[in-house]
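**Q** For reference, the structure I am asking about is given below.
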Amino acid sequence: MFIKNNISVAIVIIVSLVLLSCGTEQHEKDEAVTRANQMLSRMTLEEKIGQMSQLDPGFFGGEEQLKQAVRDGRCGSLLNYWGVEKVNEIQRIAVSESRLGIPLIIGRDVIHGYRTIFPIPLGMAASWNPEIVKEAFRISSVEASSQGIKWTFAPMLDITWDPRWGRIAEGCGEDPLLASAMARAMVEGIQGDDLTDPTALAACAKHYVGYGFAEAGRDYNTTYISEPMLRDVVLKPFKAASDAGALTFMSAFNDLNGVPASGNEFTLKQILRDEWGFRGLVVSDWASVTEMVFHGYAADDKDAAAKAINAGVDMEMASSSYFDNIKRLLEEKKITEAQVDGAVRNILTVKYRLGLFDNPYVNPEAEKKILDPAFLDHARKVARQSTVLLKNDGNALPLSENIGSVAVIGPLADAPRDQLGTWCFDGQGENSVTPLRAIRELLGEKRVNHVAGLKYSRDKSLEQFNAALAAARRSDAILFFGGEEWILSGEGQSRGEIDIPGAQGALIEALSATGKPLVVVIMAGRPLAIGNELQDADALLYAWHGGTMAGPALTDLIFGKESPSGKLPVTFVKGAGQIPFYHYRKNTGRPANEKAWTPFDSIPTENPQGSLGYKSFHLDYGYTPLLPFGYGLSYTTFDYSDLNLSSQVMGTSGSITVRAKVTNSGTMDAEEVVQLYIRDRVGSITRPVKELKGFRRISIKKGETVEVEFVINSTDLAFFNGKATLTEPGEFDVWMGPNSDEGLHSDFIIE
Ligand code: NOJ
């Protein structure tokens, strides 16, 4: 069997190499590449260096100096320079006043919307709905392109298992399959169906690679990732983005296993270019080339530039080590002309593909689409589907619109900027519809008793507590909106503790003590440790930072226009000390279970060594997380039944079909995200206890039953064992269910 497997691996490698060489030929015949080559043959070294440098507009010293640099062909790309008139003018200079007329490519961070802001990407991932996410990114491109932006530094595809890391907000969570589905959707949405369409932007898969594994979640920190983990988890969404045709990649800040990602030949050359056949352009992250000096990997900026170019970083963002040193590096033979030409070819090819040479200008009419009502409607839909119901005791939700009055309390009830979340340069608080406004619009001013209670999420003052409690007592239900301000997550905004900050916990506890039905809505950039809040609330909705239309979306859910249907894209831990905890974890040699763990408060004061069982758990947290990956409730109930497999045996190159019935046994039409997990019981290297292998969002009317079907191909079960990626024969568990912890179980074998 082992020999057979090795043969099949060899065949796969040969076939991929053949395909890759066909791909290379194809690439060379490509019109964009041909035109890029023709242009390249006419360029001076200065002009090539200009293409390889994406400098901040301020670098040249002022607007006039910048324009002169463009005229001189010393500037091929800009970031953070946008607006119809500005872009049209600078493009006019590039196209009609520079020697070769090469247009600029203008980039900007459009991460989860341009002016119509969608939920943070982590929230979008909670929708488990790639279709609506694709549309959200399409809308973002339509709005951003109207301002001359042709390149967005998105999607952010860093898998992370650490909620302390502030940038968890920008990614798609902890799972490679879910993140890959989102990666495809985001790239397709950003780039659209036709790259030459004026609304198409180039996507940029970032941060390549490993950035989400920053030690202790401290941003920019060192990462150590084994090759199996790299290939089977961290690289997966990047491969999906490359396969979906992402035009660009961004090399990351982090030191990966001792070699910074922006100088890493293994990931940039061997994996990205050679194994995957990526033909697009690689840009560095902001000064990540020169930061290799701080990492201790390059002696100075010149050395850093050489290392980045040798690794295959085509364009340097923000720092000027390429601009300042390429000439000397060529003279000293530290880099070659072929490398410079290769980089410039990649850059020009992207410009040709985007149609920039044919039309670099922005149509001033296009900006009329910004904040189009249809865009806002979509933002509301995405925010609804991103929200996860984590508790609903006694069907506290939904509330009836005929309720007498509600108390609206909490620092995020009316925080227009905060609900937009991190990384939104262009979204404006004034366009946000807050929960307070939306609830007032629905119920009328008189039935809404509003007291913020706390001025902002970290506020510790008890000043407004009495007023908040009084408002609660004279209302029929309490709606508390809290969580984190936007500034507490995002780049450089990591936290050591991940609890709900300030006096919010105390306020929720006091509100709960009033005995009124208490609905807690958490708006945050990360999964917070909300154990206490879950206990105090009758119902809890996790809404992330939901964007411009968070208020109406939450109102739709709270008052039952639609049932919540989001599911957690990350495991929720009990406290920072439990990090990391994720569904893809290994079993250990001492797995814990209920019997093996003594609750902290029951540990006898005098106990002999060994009486606590020597199993893998924390004495205080136990052995389970707060909430499992994939978890999320509904206003209705779904019953799973009749799991069956088309066969209990699969060949190493076969497939089986897994089916089960899902019945909506409750009282409301709703959507359910059905999930398929497997476990490979024994491997040549150890396998995770659960691997997500499929998911499907389906709409089921009350009383109806649908059959859900997944096909598992043997290739879906392949993993990298340290030498090769292959599917190994053996026994597998399979579960179909509503989250990673529950589901119908069966098994099969591969022989
Ligand atoms: C640094 C960030 O890491 C990256 O995500 C972003 O695209 C660039 N800055 C440009 O703003």
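The values are calculated or read from the model by the stated rules, or taken from the named source; none is laboratory data. As the structure is a computational prediction, the values presented were derived from the model and not from experiment. Cβ placement follows ideal geometry from the backbone for every residue including glycine, while neighbour counts extend to all protein chains displayed. The protein model used for the area step is the full one, side chains on, heavy atoms only, and it has no ligands, DNA or RNA in it. Shrake-Rupley method; radii C 1.70, N 1.55, O 1.52, S 1.80 Å.
**Q** What about G666, is it within 28 Å of the chain's Cα centre (by Cα), among the small types (G, A, S), part of a loop (DSSP other than H, G, I, E, B) and surrounded by fewer than 20 Cβ atoms within 10 Å (Cβ to Cβ)?
**A** Taking the combined requirement at face value, the residue does not satisfy it.
**Q** Restricting to segment 315-326, name every residue that is crowded, with 23+ Cβ neighbours inside 10 Å and within 16 Å of the ligand (Cβ to nearest atom).
**A** Hits for segment 315-326 are M315, E316, M317, S319.
**Q** Scan segment 670-688 and give yes if some residue there is of a type in the set (D, E, K, R), more than 20 Å from G737 (Cβ to Cβ), outside any strand (DSSP E or B) and not assigned by TED's automatic domain parsing to the domain that holds Y542, otherwise no.
**A** no
**Q** All but one of (1) touching a residue at least 40 places away in the same chain (Cβ under 8 Å); (2) within 15 Å of the ligand (Cβ to nearest atom) hold for R42, so report the exception by its number.
**A** That leaves (2) as the condition not met.
**Q** Name, by its number, the condition in (1) under 30 Å from G560 (Cβ atoms); (2) open to solvent by 30 Å² or more (accessible area, probe 1.4 Å); (3) not small (G, A, S) that does not hold for N739.
**A** For N739, the exception is condition (2).
**Q** Then there's this: Could you grab me the full set of residues in segment 83-117 that are within 15 Å of the ligand (Cβ to nearest atom), more than 18 Å from R417 (Cβ to Cβ) and open to solvent by 10 Å² or more (accessible area, probe 1.4 Å)?
**A** R108
**Q** Follow-up question, since we're still on this one. Would you mind stating whether G496 is open to solvent by less than 50 Å² (accessible area, probe 1.4 Å), not assigned by TED's automatic domain parsing to the domain that holds C172 and not hydroxyl-bearing (S, T, Y)?
**A** no
**Q** Does A299 satisfy being on the phi < 0 side of the Ramachandran plot, more than 15 Å from the ligand (Cβ to nearest atom) and either in contact with an Asp or Glu (Cβ under 8 Å, 6 or more places away or on another chain) or in a strand (DSSP E or B) (or both)?
**A** It is false that A299 is on the phi < 0 side of the Ramachandran plot, more than 15 Å from the ligand (Cβ to nearest atom) and either in contact with an Asp or Glu (Cβ under 8 Å, 6 or more places away or on another chain) or in a strand (DSSP E or B) (or both).
**Q** Hey, among the residues in segment 329-382 that are of a type in the set (S, T, Y) and in a helix (DSSP H, G or I), which one's most open to solvent (accessible area, probe 1.4 Å)?
**A** Y352
**Q** Before we move on, is A200 within 16 Å of the ligand (Cβ to nearest atom) and not aromatic (F, W, Y)?
**A** no
**Q** May I pose another question? Mind checking whether some residue in segment 72-80 is touching a Leu at 6+ places or on another chain (Cβ under 8 Å) and assigned to a helix (DSSP H, G or I)?
**A** No, segment 72-80 contains no residue that is touching a Leu at 6+ places or on another chain (Cβ under 8 Å) and assigned to a helix (DSSP H, G or I).
**Q** Could you list, in sequence order, all residues of segment 231-260 that are more than 16 Å from the ligand (Cβ to nearest atom) and either touching a residue at least 40 places away in the same chain (Cβ under 8 Å) or at positive phi (or both)?
**A** R231, D232, V233, V234, K236, K239, A240, D243, A244, G245, N257, G258 - these are the residues of segment 231-260 that are more than 16 Å from the ligand (Cβ to nearest atom) and either touching a residue at least 40 places away in the same chain (Cβ under 8 Å) or at positive phi (or both).
**Q** Looking at segment 418-439 only, could you name the residues that are part of a helix (DSSP H, G or I) and in contact (Cβ under 8 Å) with a residue 24 or more places away in the chain?
**A** Result: D418, Q419, L420, N431, P435, L436, R437, A438, I439.
**Q** Check off (1) surrounded by fewer than 24 Cβ atoms within 10 Å (Cβ to Cβ); (2) away from the ligand (no atom under 14 Å from the Cβ) for N221 and give me the number that stays unchecked.
**A** (2)
**Q** Same structure again: Test V289 against the criterion of being away from the ligand (no atom under 15 Å from the Cβ) and open to solvent by less than 20 Å² (accessible area, probe 1.4 Å), and give yes or no.
**A** Criteria not met by V289.
**Q** Look at E135 and say whether it is more than 16 Å from the ligand (Cβ to nearest atom), more than 25 Å from S284 (Cα to Cα) and without any contact (Cβ under 8 Å) to a residue 40 or more places away in the chain.
**A** No, not satisfied.
**Q** Looking at W486 and the list (1) open to solvent by less than 40 Å² (accessible area, probe 1.4 Å); (2) touching a residue at least 40 places away in the same chain (Cβ under 8 Å), which single condition is not satisfied?
**A** (1)
**Q** Just give me the residues in segment 199-215 being over 13 Å from R138 (Cβ atoms) and surrounded by fewer than 24 Cβ atoms within 10 Å (Cβ to Cβ), in sequence order.
**A** E215
**Q** Look at I120 and say whether it is of a type in the set (V, I, T), surrounded by 24 or more Cβ atoms within 10 Å (Cβ to Cβ) and within 13 Å of the ligand (Cβ to nearest atom).
**A** Considered against the rule, which asks whether it is of a type in the set (V, I, T), surrounded by 24 or more Cβ atoms within 10 Å (Cβ to Cβ) and within 13 Å of the ligand (Cβ to nearest atom), I120 comes out as no.
**Q** Next question. Could you look through segment 557-593, keep only residues that are assigned to a helix (DSSP H, G or I) and out of contact with any helix residue (DSSP H, G or I) (no Cβ under 7 Å at 6 or more places or on another chain), and pick out the one that is most open to solvent (accessible area, probe 1.4 Å)?
**A** Only one residue tops the list, namely G577.
**Q** Only one residue in E691, E707 is in the same structural domain as E742 (by TED's automatic domain parsing) and exposed (fewer than 15 other Cβ atoms within 10 Å of the Cβ), so which one is that?
**A** Of the residues listed, the single one that is in the same structural domain as E742 (by TED's automatic domain parsing) and exposed (fewer than 15 other Cβ atoms within 10 Å of the Cβ) is E707.
**Q** Which one of the conditions (1) crowded, with 24+ Cβ neighbours inside 10 Å; (2) over 27 Å from the mean Cα position of the chain (by Cα); (3) not in a helix (DSSP H, G or I) does G515 fail to meet, given that it meets all the rest?
**A** (1)
**Q** State all residues of segment 298-314 that are more than 22 Å from D56 (Cα to Cα) and open to solvent by less than 20 Å² (accessible area, probe 1.4 Å); if no residue qualifies, say none.
**A** A298, A311
**Q** Moving to a separate point now. When you scan segment 530-556, how many residues do you find that are buried (at least 24 other Cβ atoms within 10 Å of the Cβ), aliphatic (A, V, I, L, M) and not in a loop (DSSP other than H, G, I, E, B)?
**A** Selection size over segment 530-556: 6.
**Q** I'd like to verify a number: residues in segment 161-178 that are touching a residue at least 60 places away in the same chain (Cβ under 8 Å) and within 16 Å of the ligand (Cβ to nearest atom), how many?
**A** 7
**Q** To continue, here is another question. Tally the residues that are over 22 Å from the mean Cα position of the chain (by Cα) and small (G, A, S), restricting the search to segment 623-642.
**A** Of the residues in segment 623-642, 2 are over 22 Å from the mean Cα position of the chain (by Cα) and small (G, A, S).
**Q** Quick test of your reading of the structure: R380 fulfils all but one of (1) within 30 Å of R92 (Cβ to Cβ); (2) within 29 Å of the chain's Cα centre (by Cα); (3) not aliphatic (A, V, I, L, M). Name the failing condition by number.
**A** (1) is the only condition that R380 fails.
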